[in-house]
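Following: one structure in C-alpha cells, then a few remarks.
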Amino acid sequence: MKRLILHLTETLLMSFQENEQTKNLNSFTAYIDKLYRKYDLWIICNAAFPQSIITIRHNLRGLLPQDRILVFHLPFQNSINPFEKEVNHLIEEYFLSQLHPEIILHMDHSHIGGTSSGCQVSVSRAKMRKVPSDHKVQPKPSLAYFSPIPPVKSGIAHYSKELLPHISKYYDITLVIDPITTQLANKKGPYKILSVDAFKEQYENFDRILYHFGNSSYHSYMWPLLKDYPGIVVLHDFFLSGLLSYEEFANGKTVWTEQLFKSHGYHALQMRFDDDKIEELKYRYPCNYEILQYATGIVVHSEYAKNLANDWYNPHPLNRWSTVPLLREPVTERDKKNSRAFLSLPEDALILCSFGILNATKLNHMLIQAFLKSYLSGIPNCYLVFVGENKSGEYAIKLEEIIKASGLKKQIIITGWVDDNTFHHYLSATDIGIQLRTASRGESSASVLDCMNYGLATIINANGSMAELPKDAVLMLNDNLTIDDLVDALEKLQKDKNFRTGLGQKAKRYIQEYHNPFICAEKYQKTIEKNYTKHKTYNDLISKLAKMEQTSTAVSQELNKISDSISHSTLQKITQTQLLVDVSAIVQNDLRTGIERVVRAQLLELIAITPDTVRVEPVYLSEENGLHYRYAPAFTANILNIPVHIREEVVDVKNGDIFYGLDFYRDGVIKAAESGIFTHWAAKGVTINFAVYDLLPIRYPHFFPEGTSDLHSKWLEAIVPVSDTLVCISNTVANELKTWISSYLPETLEKNIHIETVHLGSDITASAPTEELPDNAKETLDQIGTKTTFLMVGTIEPRKGHLQVLAAFELLWEKQEDIHLVIIGSEGWKSLPDSDRRTIPETINKIKNHPQLGKKLFWFEKASDLFLETLYRQSDALIAASEDEGFGLPLIEAAHYTLPIIARDIPVFKEVASRHAFYFPNDNEPLTLSNAIIEWLNSYRNGGHILSEEMNYISWEENAQRVIDLLLSNGR
C-alpha cells in the first residue's frame, strides 16, 4: 500500500467546531473509510484546534487506529509576520518529512459534503529525492565503529572481526574502543583506532556512527556517549540489565538504578531496593529504553527482538527497526579427520558438541541428563563435549557433580575457554550439535549458526530467535522441551545417518543463502543510509532556522515557542504508555483519612500490578510559571519508601497515554479544565478519566459550607464533557451521576461516556499504613477491652451522625448500660471559620467537654492505621451513622476484621453490606438509635446478632486491577 498523508486544513478543522456539523462529519467519516481500505493512511492536524480533533477522534474510533491521527504544533497561529509564517512552514514540512509520504491530500472545508461523490480534495505527490545522474565516484563516508574487538573474549568482538572487512567496502572505518582494548588492540591493523576521548575531539569529522551493544561490561564505555553522539545501534541483546547491574555493583555507579526507573518506572525501582529481588530483577527488566530513544536507528538480528520491543514499549510504526542476519563466513572445507587428530579425539568416535559459555539458561544440565538416560552413554566411543567455559558458581558445581556421579568423566568433557582455532577444530570434528536455550534475552545464537555453517545436524529448541530457523534445516524441539524429547532426538540422529547428513546439508545451504557476509554488509549499508537520511531532516530544519534567526529580531520567548513546537512535532522512535494518576491534593496535605487513604491504597496497588507495558506516574497540578501538571517523584518515593532523588519535570503526554483523576482536587481540576489542559491532551489522543466519590454536596447542601454545592456542580461540569470514563465507588453514586448528567449535561451522553463502578478495598495494610500508637495506647486498650465497645470511624463532619450517636449513648448510659463508645476521626474543615462549619463546632465542644470522656467515651483524633486496625479487632461493633455516603469504607474494613456492623438504613450501606449488617431506621432521633442499639445488644448477648464475616468485599489489589482493566479497555 502507498502511504497517504491526509492533511486536515485549518478551515476544515474550524468547520467541525460549528453547530451544523453532523452532515459534514458523516461525509468525512465515509471518505476516511474508503481511503483506509486503499492506502496506508495517516491523518495530520494542527494542534491549535483541539475540540475539532477530539470530535474527529470520536467519530473515527473503531474505524481508524487512534495512533494514525497525528498532531503537529506550530509556534505562531494566524500570523502575517513573514518570519513567523516561514517558521511555521518549515516546521510543518519537517513534520511531514518524518512520515515519508508518497501521496499528500489537503482536505479543505469546501471539499466536504453536498456532492454524490463525497469529499473532494487537492492532491500533491510527495517529492522524491532524485539520484544524481552523473557517475562520479563518491568518497566513502567515514564511520566511527564502536565494538569490542579481539583479543577480547566476546562473541560480539568475534562478530565484528568478521563484519569489518565486508562493511569497509562502503565506509572508511575508524574503531572507537575502550581503554583496555586500546592497549591490547593491534594498532598496525587495517583500521584506524581512536580512544573515546580522541573520538569526542574528532566527532564532527565522522559522517556515520555505529554502536554494537551487548549485555556485557565490554559495552559499558558506549552507554554515556549515545545521548551526545547519536548513531545507529546494533542491539545484539535486547536485555541490557546484566551490563548495567555489573556497572552498579562492580564500579559503584548508579546507572542500573537510573535506567530501571527511566525504562520501567516505580515498580522496578521499588524492587531494586529489595535485596531478595535483585536476581529476579536482572532477568525481568531489559533496561534499554534510553538507548532505543537516543539511537538514530536500530538494527536487530531477528524478528523475535522486534517482538520484544512491541511487548515492552510502543515503537512508532513509522520508525521501523531493521533486521540484519548475523553474518557467517562460508565454510569451504571441513577436514574432520585432521581436526580430530588435532583435538586428540578418536577418528571413529561419535562426537556431540554444545558450544558457548555454560550456564542455566543454556540447559546444559538437561543435555547431560538426556545423554545419560539415552543409550548413547553406553557407547564407549561416544563423547559429549561442552566447548566453552564453565564459570564459577552453584550451577558450575552442580554440573561437575552430575558428571562425577555418572562415572563417565572421560566421555563427558568440558573444555573451558578455547581460542578461535581450537573452536573451529571442534566444529569441524563434530557429528551432532546441540544448542539449547531458555529465558532468551533477545539475543541471537551465533553458536547455532556456527553449527549449521559447518553442516552439522543440530538439535535446538524453539526458544527466542531460534524458533525462526527453518524446521527442515534443524531438528527443532518444543521451547519447553523435556529430557525425554532430548533423548529421542539424540537417538534419532545417532541411528539415522542419512537423516543426519541431509539435515546438515540443508543447514549449510541456509546459512550460505541468508547469512552470507556480502548480503549482510549490503543490508547494513542500506539501513545506515536510510536512517541517516531520516536524521538529516531534523538537522536541516535546525540549520535553516539558525540562518533565519541570524537575520531576525526574534526574542527569547519566541525562540522558546519555536523550540517547544519542534519538540512536540518530532515523532518519538519509541514510547511508553503513561498512566498519569492525579495526586494533587494528597501531595499538598495528606490527612491520612477518607479519600487520602483511598488514594494511597489504590495508587500503591496500581504501581504494583499495572502491566509492565504501562508506566504509572503520579502527577500533580502546579501553578508555578503557569498552570500545568508535573510528575511527583518525591511524593512517590516517599510512599514507596525508596531512597532516591528524581528530578521533578513537567508532564509530557502523547497518544495512548491515560490520565486518571484519582485524587479529589476540585478547585484545581476546574482551573485545569478552564485552561484547556484536558482538551489539549484529549486532542493528542490521551484518555481522560476521573474517580467520582459522591454527589453529596449537590444532594445535601446543608451538610457542607456555603457554596460547596455550586462548586461541586462546576467540578462535574468540568470533568464530564472531557472524560472517557468516570469511575464511581458505588452503584448508588453511579446512578446519581447518570441522573445528574441527564438533567444538566444531556448532550455529553452522545459521546458514549463510560460510567463504571468499582468498590473500594478493605485492607488497611495496603495503604502505606502509619504505625505510631498513642502514648496511652496500652492503658486505653485495656480499659476499652473490659466493656462492650462500639466504634465510629470517620472525619467529624455534619452528615456523619456524631451528635445523634452521642445523644443516643447518653440515653443508654442513663439506663445504666455499661458500654463504651470510641470515636476515631479528625476534626473536619479546620481551615474554615466556625460560622462556615455547620455542626462541627457543636460536635467537638460536646465531645471535649463530655463528662464521660476518658471513662466511657474515647476520642482519638490522630489515630494511626495500626491503632485503627487494633481497634477494629478489639471492638464489639461498628456504628455507621452517616446520613449518606459515597460508599462507606469503614463497613468493609470492619467486615475484613469480622467486626459486627450497626448501620443506618440508607441505599449505599445496603449496597455495600447487604444482609450482613444490622440496620437502624433513617431518622435523626436519638431514641430511635438507642432503641436499635438495645435491640442489637440483646441479640449480641444471646449470640444471635448479625455477623459480617460473609460480607462480599474486595481487596485493594482487586480494586486496582478492576480500575486498570477499565482504563485500558475504555481507551480511545
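The values are calculated or read from the model by the stated rules, or taken from the named source; none is laboratory data. Since this is a predicted model, take the numbers as computed values, not measurements. Counting neighbours? That spans all protein chains shown, and the Cβs are built from the backbone with ideal geometry, glycine included. Side chains included, ligands, DNA and RNA excluded: accessible areas come from the protein's heavy atoms. Shrake-Rupley method; radii C 1.70, N 1.55, O 1.52, S 1.80 Å.
The table below lists the values:
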item	result
Neighbour cut-off at most 15 other Cβ (10 Å), DSSP loop, trypsin sites (Lys or Arg not before Pro), segment 751-827	Lys787, Lys815
Spacing of the two label points (7 Å from each Cα toward its C-beta) at Met548 and Asp33, in nm	4.1
Amide H partners (placed H, <5 Å) of Leu194, local residues excluded	Leu175, Val176, Ile177
Separation of the Glu949 and Glu522 label points, Cα + 7 Å toward Cβ, nm	7.8
Mean Cβ neighbour count within 10 Å, used as a protection proxy, ranking 888-894, 417-423 highest first	888-894, 417-423
Two-site FRET efficiency, Phe83 against Glu817, from Cβ-Cβ distance with R₀ of 56 Å, rounded to 0.05	0.10
Cross-link partners of Lys751 among lysines (Cα-Cα below 25 Å; sequence separation of 8 or more within a chain)	Lys23, Lys34, Lys654, Lys671, Lys684, Lys714, Lys738
Pairwise label distance in nanometres, Lys855 with Ser831, each label 7 Å out on the Cα-Cβ vector	3.9
Counted charge near Ser374, where neighbours are those whose Cβ lies closer than 12 Å (Asp, Glu -1; Lys, Arg +1)	-1
Three-way shape call for segment 3-111 based on the alpha-carbon gyration tensor, with the a/c threshold at 1.5	oblate
Pairs of Cα atoms farther than 26 Å apart, segment 149-298, %	29
Amide H contacts of Leu6 (H built 1.01 Å from N, under 5 Å, at least 5 apart or other chain)	Trp42, Ile43, Ile44, Leu105
For His820, distant residues with modelled amide H under 5 Å away	Thr788, Thr789, Phe790
Of all DSSP beta bridges in the chain, antiparallel share, percent nearest 5	10
Cross-link pairs beyond the 20 Å C-alpha cut-off, checked among Lys362/Lys492; Lys778/Lys830; Lys337/Lys492; Lys161/Lys337; Lys471/Lys497; Lys306/Lys573	Lys362/Lys492; Lys778/Lys830; Lys337/Lys492; Lys161/Lys337
As computed over segment 865-972, the Cα convex hull volume per residue (Å³)	120
Net +/- balance of residues flanking Pro141 in space, Cβ distance below 10 Å, scoring K and R +1, D and E -1	-1
Neighbourhood charge, 10 Å Cβ-Cβ cut-off, centred on Asn319 and excluding it, Lys, Arg +1 and Asp, Glu -1	+3
Between segment 835-911 and segment 694-738, the Cα center-to-center distance that results, in Å	24
Carbon/sulfur fraction of accessible area - the chain, other protein chains in place, 1.4 Å, %	48
Cα gyration tensor of segment 576-757 - equivalent ellipsoid semi-axes, whole Å, descending	26, 19, 16
Helical mean residue ellipticity (222 nm; -39500 (n - 2.57) per DSSP H run of 4+; nearest 500) of the chain	-13000 deg cm²/dmol
Tilt relative to the chain, helix 303-312 - C-alpha long axis, 0 to 90 degrees, to 10	20
Cα gyration tensor, segment 745-836 - rounded (a/c under 1.5), prolate or oblate	prolate
Gyration tensor (alpha-carbon) shape descriptor, segment 336-515, a/c threshold 1.5	rounded
Acute angle (nearest 10 degrees) that the helix 255-264 long axis makes with the longest principal axis of the chain, alpha-carbon atoms	70
